[in-house]
1. Please sort 331-344, 148-161 by packing, taking for each peptide the average over its residues of neighbouring beta carbons within 10 angstrom, highest first.
2. Shape call for region 305-345 from the C-alpha gyration tensor, a ≥ b ≥ c root eigenvalues: rounded (a/c under 1.5), prolate (a/b greater than b/c) or oblate?
3. Quick check: residue separation of residue 186 and residue 334 times 0.36 nm, minus the Cα distance between them. What number comes out in nm?
4. What's the ranking of 305-316, 277-288 by average number of surrounding C-beta atoms within 10 Å, highest first?
5. Which of 328, 276, 265 sits farthest toward the positive end of the charge dipole of the chain, with +1 on the Cβ of Lys and Arg and -1 on the Cβ of Asp and Glu?
6. Using the basic label-point model (7 angstrom from Cα toward the beta carbon), what is the residue 319 to residue 209 distance in nanometres?
7. If you put +1 on each Lys and Arg Cβ and -1 on each Asp and Glu Cβ, how big is the dipole of the chain around its Cα centre, in Debye rounded to 20?
8. Using +1 on the beta carbon of Lys and Arg, -1 on that of Asp and Glu, and nothing else charged, what's the dipole of region 234-345 about the Cα centre, debye to 20?
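Quick note: the coordinates plus some simple rules give every number you see, no bench work behind them. Nothing here was measured: the structure is a model prediction, and the numbers come from that model. Positions of Cβ are backbone-derived with ideal geometry, glycine not excepted, and every protein chain shown enters the neighbour counts.
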Amino acid sequence: MKRAARRLAPALLLLSGCASDGPVRDGTPPAAPSFVADREPWAYQGNPGWRIVTPSVRLHTTTSDRRLRARLPDFLELANAHRLTAITPLRPGTEPLETYVLGTRGEWDHLTRRLLGERARPYLRIERGGYSFNGRGVFYDLGPRDTFVMAAHEGWHQHVQTSFTDPLPVWLDEGIACYFEGFRWRTDQPDLPEFLPWSNEERFDQLRRAASSGPLVPLAEFFNQRPQDLIDTDRGGSAALNYYAQAWALVHFLMEADNARYRPGLETLLRDAQGGRLLERVADSAGEREARLLRTRRLGGGSIAAYWPSESVDAMDARYRAFVARIVATGGRDLAIAGRSPAAR
């Protein structure tokens, strides 16, 4: 599944008392809490749908899948709450995130052309997926699981595009979006998601294939790649898929490797980007050229010098490769799919 993002919420309801309620006496799981504040008919290209509002999301959908339509609003709300706290506390946006989940690829193509005009071409080349642009998430019904994966992924991009002052490096922005994809439905409340960043079969399997077929892209090169360029030139091949898998693993590495030695730097980087201090810190640590490259193209390794000053890119690359080798080793997949870290073995 390919995803591309381009850069050009009100207080969340607390779940105290909801998630801890046990089954009723007859064994029926309790109903999931609903965050839906408003619902009204909406249509696109004559296809009937709904406009559904929650505290942090405005959802427009024409999907005919009733279960998908019923689960999406609360999933989007809970995914937003998760991303605001999972890595480091982040400020919510000031406006609800505008999200479109269309029923067909044809509707998605039409809306993409309408929203992006001449800039639509690289997005229309996405074979199966969606994108975020200026805070809007635009995708279509990809099936009973992948639609939610896409929603979680693009929700991160929407949040960054609407509430961050400085741009994140592409590799980190995409890696965190993939990190937030992992989830499973709870057994006690089947319409509620449990977010587990390791539980991402697609990314794990692609990473394992990439690691077994040859060396991973060195980080010095990886920091200067953009997935939209790979999508546009690779015609949907493995290069773009490998990019997302490698970015996903890199965020896990920054969160966990060597007793979480990199995590404080990651947390500070995110807070600085949201608060408008990232570019200045990169300029001070890595020079104006790196800061300009980050500001204009969101590329480069300047953030490594700024937030992990004692670590060279080459040294980080060596540690990262060892981390990947450990997680894809025999037995790692079962742990990851269960939502447990295969790096902690």
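1. 148-161, 331-344
2. Verdict is prolate for region 305-345.
3. Details: separation 148, 0.36 × 148 = 53.28 nm, distance 1.83 nm.
Going from the current span to full extension adds 51.5 nm.
4. On the way: 305-316: 16.3, 277-288: 18.4.
Final packing ranking: 277-288, 305-316.
5. Result: 328.
6. Modelled inter-label distance: 3.0 nm.
7. That gives the chain a dipole magnitude of about 420 debye.
8. 260
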